[in-house]
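First comes the structure, then the notes that go with it.
Quick note: the coordinates plus some simple rules give every number you see, no bench work behind them. Everything quoted here is computed from the prediction, not taken from an experiment. All Cβ positions, even for glycine, are placed from backbone atoms using ideal geometry, and neighbour counts span all protein chains on display.
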Amino acid sequence: MNVGIAYADKFRQTWLKLEVPDGSTVQEAIEHSGILKQFPDVDLEAQAVGIFGKITDLDAKVKDGDRVEIYRPITADPEKVERRDRDNDGDDE
């Protein structure tokens, strides 16, 4: 079955399409993709993973056509970061 694996760090985004055996788990698909060799800093025990934007467990089974995503940890505290005003384009006129 065909699945996609997506991961982005600060510098690049990677999207891999690959064939995995039926009944594969999220973790098995990630390991099969080789993405952990490309990004050795990825820690599946510490980082969240998901399928199509919904967080899931590493032992969840993937289905044909799924997009498995590896999420980076949040690096800024949302309570301390100044909120951006979406209506303000920076032009004070």
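Could you derive backbone 3J(HN,Hα) for segment 23-28 from the dihedral phi with the Karplus parameters 6.51, -1.76 and 1.60 (θ = phi - 60°), listing whole Hz in sequence and x where the residue is Gly or Pro?
x, 5, 8, 4, 4, 5
Put a dot 7 Å past each Cα toward the Cβ at E19 and A48; how far apart are the dots in nm?
Once both label points are built, they end up 3.4 nm from each other.
Taking the Cβ of T56 as the center, what net charge do the other residues with Cβ under 11 Å away carry, scoring Lys and Arg +1 and Asp and Glu -1?
Neighbour charge sum, excluding T56 itself: -2.
So which GluC sites (Glu not before Pro) in segment 1-56 are both in a DSSP loop and have at most 12 other Cβ atoms within 10 Å of their Cβ?
Qualifying residues, ordered by number: E45.
Could you list which residues have their amide H under 5 Å from that of D66, counting only those 5 or more apart in sequence or on another chain, with H placed in the peptide plane?
So D66 has HN proximity to G4.
Could you size up the charge dipole of segment 2-70 around its Cα centre, putting +1 on the beta carbon of Lys and Arg and -1 on that of Asp and Glu, and report it in debye to the nearest 20?
Roughly 340 debye for segment 2-70.
Could you work out how far apart the two model spin labels at F11 and K37 are, taking each label as a point 7 Å from the Cα in the direction of the beta carbon, and quote it in nm?
For F11 paired with K37, the spin-label model returns 1.9 nm.
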